[in-house]
1. Do you know which residues across the stretch A:159-177 are in contact with an Asp or Glu (Cβ under 7 Å, 6 or more places away or on another chain) and within 8 Å of the ligand (Cβ to nearest atom)?
2. Identify all residues within the stretch B:14-48 that are open to solvent by less than 30 Å² (accessible area, probe 1.4 Å), in contact with a Lys or Arg (Cβ under 8 Å, 6 or more places away or on another chain) and over 15 Å from B:PRO77 (Cβ atoms); write none if there are none.
3. Quick one: which residue in B:ALA292, B:ALA280 is touching a helix residue (DSSP H, G or I) at 6+ places or on another chain (Cβ under 7 Å) and surrounded by 22 or more Cβ atoms within 10 Å (Cβ to Cβ)?
4. Kindly establish whether A:ILE214 is more than 16 Å from the ligand (Cβ to nearest atom), touching a Pro at 6+ places or on another chain (Cβ under 7 Å) and at pLDDT 95 or above.
5. Residues that are surrounded by 23 or more Cβ atoms within 10 Å (Cβ to Cβ) and within 14 Å of the ligand (Cβ to nearest atom), at least 1 per element: which strands (runs of 3 or more DSSP E) completely within the stretch B:49-165 meet that?
6. Looking at B:ARG255, is it modelled with pLDDT of 95 or more, surrounded by 15 or more Cβ atoms within 10 Å (Cβ to Cβ) and under 15 Å from B:ALA318 (Cα atoms)?
7. Out of all the residues in the stretch A:285-313, which are touching a residue at least 40 places away in the same chain (Cβ under 8 Å) and not in a helix (DSSP H, G or I)?
8. Any residue at all in the stretch A:179-186 that's touching a residue at least 24 places away in the same chain (Cβ under 8 Å), buried (at least 21 other Cβ atoms within 10 Å of the Cβ) and out of contact with any Ser or Thr (no Cβ under 8 Å at 6 or more places or on another chain)?
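The values are calculated or read from the model by the stated rules, or taken from the named source; none is laboratory data. Just so it is clear, the model here is predicted, and its values are computed rather than measured. Cβ placement follows ideal geometry from the backbone for every residue including glycine, while neighbour counts extend to all protein chains displayed. Only protein heavy atoms, including side chains, enter the accessible area calculation; ligands, DNA and RNA are left aside. Shrake-Rupley method; radii C 1.70, N 1.55, O 1.52, S 1.80 Å.
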Amino acid sequence: MVNGEYLDIYKQMVLIRHLEEKAAELYQAGKVGGFLHLYIGEEAVSTGILAAREERDHVITAYRDHGVAVNAGIPVNQIVAELMGKATGISKGRGGSMHMADITRNFWGGHAIVGAHIPIATGLALADKMEKRDAVTICMFGEGATNIGFFHEGVNMAMVWKLPVLWICENNQYGMGTSPERASAVSNIIQKACGYGMPAYDVDGMDVLAVRDIVAARLQEIREGSGPQFVEARTYRFKGHSMGDPERYRSKDEVKKYVENGPIDRFRKFLIQKEGVQEKRLDEIDEEAAQEIMEAVEFADNSPEPADEDLFRNIYVEE
Amino acid sequence: MAIITMREAISQAIWEEMERDEKVFIMGEEVGVWGGTYAVTKGFLDHFGEERVRDTPIAESAIVGSAIGAALNGLRPIAELMTINFAFVAMDQIVNQAAKLHYMFGGQMVLPLVIRAPSGGGRQLGATHSQTPDVIFAHFPGLKVVAPGTPADAKGLLKSAIRSDDPILFIENATLYQMRGEVPEGEYTIPIGKSTVQRVGKDVTIVTYSKMVKYCLDAAEQLAKDGIEVEIVDLRSLRPLDMGPVITSFKKTNRAVIVEESWLSYGIGAEVSTRIYEEAFDYVDTPIQRVAQKEVPLPYNRHLEQLALPQIADIIQAVKEVLR
Ligand SMILES: Cc1ncc(C[n+]2csc(CCOP(=O)(O)OP(=O)(O)O)c2C)c(N)n1
C-alpha cells in the first residue's frame with residue numbers, strides 16, 4: 001500500500017515547483033510586477049514544516065512566501081491572482097508576491113522587511129500563552145535575517161518568557177549575494193540560538209521527511225512546555241535572489257551541484273526505490289499539479305482588477 | 001557637457017571622491033561583490049578593494065551606527081541603505097545619534113557622514129518598499145537632507161556632501177537611475193542648501209524636488225502649448241531649505257503649486273506654502289495648490305498604485321486651478 005501522506009507531500013512540492021516556474025514566466029510576460037523571490041530548490045523546507053504542524057499552529061515567514069502559502073492551503077487560484085494583483089487575490093491585489101497571508105489558516109504572511117516578522121512571532125506566541133491556547137507559532141526566516149537586531153530582540157524575549165515558538169532558519173546559503181561566512185560571526189547559525197539558551201538542531205533541508213520529523217518532535221516538546229526551540233534547515237536557492245539577479249557571487253558549477261540533487265528528485269527517488277511507488281503515478285501527480293497551475297492562471301487572467309474605490313478601503317478598521 | 005545617467009553621475013561622484021581622499025569609503029548591503037543593488041558601485045570592489053568597499057550584514061542600525069563611529073574617529077564613510085524604507089530600522093542612529101552628537105556635546109564631535117538611500121514608489125513593491133519619507137528626515141535639526149532631481153545636480157551635490165563635515169542624508173529616487181542628463185566634464189561641486197530654477201516662466205511658480213522635477217518639466221512643456229509659462233524651482237535640499245529663489249519667483253508670478261511624491265499631510269507642500277504666506281503674503285493672488293500622493297499605504301496592484309501617486313495630469317490641473 002502506498003503511503004498517502006507521502007504522495008500528498010510529493011504533490012505539494014511539485015505544486016510549488018510548477019507555481020514558481022509559472023510565476024517566473026508571468027513575470028517575464030509583464031503580468032507579475034515588483035519583486036519576485038522564487039522558492040525553487042527550497043520546497044522541502046516549508047512542505048516538511050507544514051506537514052508536521054497542527055492547523056491551530058501559526059506560521060509566519062518572510063517575502064519568499066509562495067511555498068508556505070501553498071502548504072498552508074491557500075488555493076493556488078488566489079495565490080496566482082495575488083501575483084497578478086487581481087481583486088480575487090488572497091490579499092486583494094494589495095500585497096503581491098511578498099505579502100500573502102490567510103489568517104483563516106493561521107498563516108500570518110509574507111513580510112518584506114528582513115527580520116521584522118520575528119518579534120511579531122514572539123507576540124503571536126505571547127497571546128497564545130496568555131490565553132492558554134494550545135498552539136505553537138512557527139516562525140521562518142533566512143540566515144541573512146539572523147544578523148539584524150529584530151532577530152536577537154525577538155528570540156531573546158521569547159526565551160525570557162518561555163513562549164511557545166519554533167524558530168526555523170531556512171539557510172539557503174546566501175542573503176542576496178552574501179554568504180553567512182561573510183556576514184555572520186558564526187556561520188553555524190544554531191550557535192546563535194544556543195547563545196540564547198534554547199535547544200537548537202540542524203536538519204538537511206533538502207530531505208522533506210527529515211524536516212517533517214524534526215519539526216514534529218520540536219512541536220511536541222514545545223507543546224509540553226519546553227519554551228522556544230530552534231531548527232536550522234540547510235537548503236539552497238536554485239534561482240537568483242529575485243528576478244534580475246546577476247549572480248556574480250556564486251558559480252554555475254556550485255548551483256548545478258545542488259540542482260542535480262534537488263529535494264523533489266530526491267524524494268521522488270525515495271518513493272520509487274524505497275516505497276515502491278510507480279513512476280507513472282508520480283508523473284500523473286506532476287501532471288495534475290501543472291494542470292492546477294494552468295487553471296489558476298486562467299482564473300487570475302479572467303479575474304477583475306480591484307475597483308478604484310478599493311484604494312481607500314482598509315486603511316483603518318473604523319473609517 | 002557629457003550626457004550620462006543619474007546612476008553614472010552618482011557612481012562618478014563616489015568614485016572621484018574615493019580617488020581624491022583615501023579616508024572616504026563606502027559600506028552597505030551588497031555594495032561590493034554584487035556591485036550595488038542598483039549597480040551604483042559596480043566595479044568599485046575590484047578597484048578600491050574590500051577595505052574601502054565593505055559588504056555588510058543585513059543590519060541597518062549597525063551600518064549607520066558604525067558609520068557614525070568611524071566618522072567621529074577620523075574617516076569619511078558613505079553608508080548605503082539599500083532603500084530608504086530600511087532607514088526606519090536605523091532610525092535611532094540617524095535621528096538620535098547622527099543628528100544630535102555635534103550639538104549635544106558642545107560642538108566637539110564632528111561626523112563627516114553621508115547616508116545614501118534610494119526613495120520613491122511606482123515599482124509595484126508594495127506598501128513597505130515604496131515610500132518617499134524624505135520629509136520625515138528633514139524634520140530633525142542637525143541632519144541635512146539632500147535630494148537631487150537631475151544627474152548634474154546629483155553629481156555636484158554628492159561630491160559636496162562627501163566633503164562636508166556634517167551628517168547628510170542623500171536621497172536618490174530609485175526610478176531616476178536611468179534618467180539621462182547633461183553633466184559638466186571634469187571637476188565640479190554644487191553647494192548644499194541652494195534651491196535652483198530649473199525652468200523660467202512668468203505665470204505660475206512650481207516648487208518641487210527629486211523625481212517630481214521631471215514630472216513638472218513635462219507638465220510645463222504641455223502647459224506651454226496653451227501659452228502658460230510656469231517657473232520651476234527645485235529645492236534640491238529639504239534641510240536646509242532655501243526659500244530665496246521660491247520667494248523671488250513667487251513675487252513675480254503671485255501663484256504657486258507645490259509638488260511632491262509623498263503624502264500630502266505635514267508634507268513639503270505644507271511647509272513651503274506656509275513660508276510663502278509668511279514671507280510674501282502681500283503677493284498672494286490665489287490660494288496655493290498642493291499636489292501629492294493620496295493618503296494610503298501604496299498597494300501592489302499597478303493601476304491602484306498609479307492612482308495613488310501624483311501624475312503629470314494632476315500638476316497640469318493644479319496649475320490651471322491657480323490660474324482660474
Ligand atoms: C531591513 C531590510 N534590509 C534589507 C532588505 C533587502 N533584502 C531583501 S531580502 C535580503 C536578503 C535576505 O536574506 P535571507 O534572510 O538569508 O533570506 P533569503 O532571501 O535568502 O530567503 C535583503 C538584504 C530588506 N528587505 N529589509
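1. Restricting attention to the stretch A:159-177, the residues satisfying the condition of being in contact with an Asp or Glu (Cβ under 7 Å, 6 or more places away or on another chain) are A:164, A:169-172, A:175-177.
Selection gives A:GLU170, A:ASN171, A:ASN172, A:GLY175, A:MET176.
2. Selection gives B:TRP34, B:GLY35, B:GLY36, B:VAL40.
3. Values: B:ALA280 fails: surrounded by 22 or more Cβ atoms within 10 Å (Cβ to Cβ).
Selected residue: B:ALA292, the only one of B:ALA292, B:ALA280 that is touching a helix residue (DSSP H, G or I) at 6+ places or on another chain (Cβ under 7 Å) and surrounded by 22 or more Cβ atoms within 10 Å (Cβ to Cβ).
4. Working: more than 16 Å from the ligand (Cβ to nearest atom): yes; touching a Pro at 6+ places or on another chain (Cβ under 7 Å): no; at pLDDT 95 or above: yes.
Against the criterion (more than 16 Å from the ligand (Cβ to nearest atom), touching a Pro at 6+ places or on another chain (Cβ under 7 Å) and at pLDDT 95 or above), A:ILE214 does not qualify.
5. Working: elements: B:53-55, B:76-80, B:114-119, B:144-146.
Fully inside the stretch B:49-165 and qualifying: B:76-80, B:114-119.
6. Working: modelled with pLDDT of 95 or more: yes; surrounded by 15 or more Cβ atoms within 10 Å (Cβ to Cβ): yes; under 15 Å from B:ALA318 (Cα atoms): yes.
For B:ARG255, the condition - modelled with pLDDT of 95 or more, surrounded by 15 or more Cβ atoms within 10 Å (Cβ to Cβ) and under 15 Å from B:ALA318 (Cα atoms) - is met.
7. Once the filter is applied, which keeps residues that are touching a residue at least 40 places away in the same chain (Cβ under 8 Å) and not in a helix (DSSP H, G or I), the stretch A:285-313 yields A:SER303, A:PRO304, A:GLU305, A:PRO306, A:ALA307.
8. no
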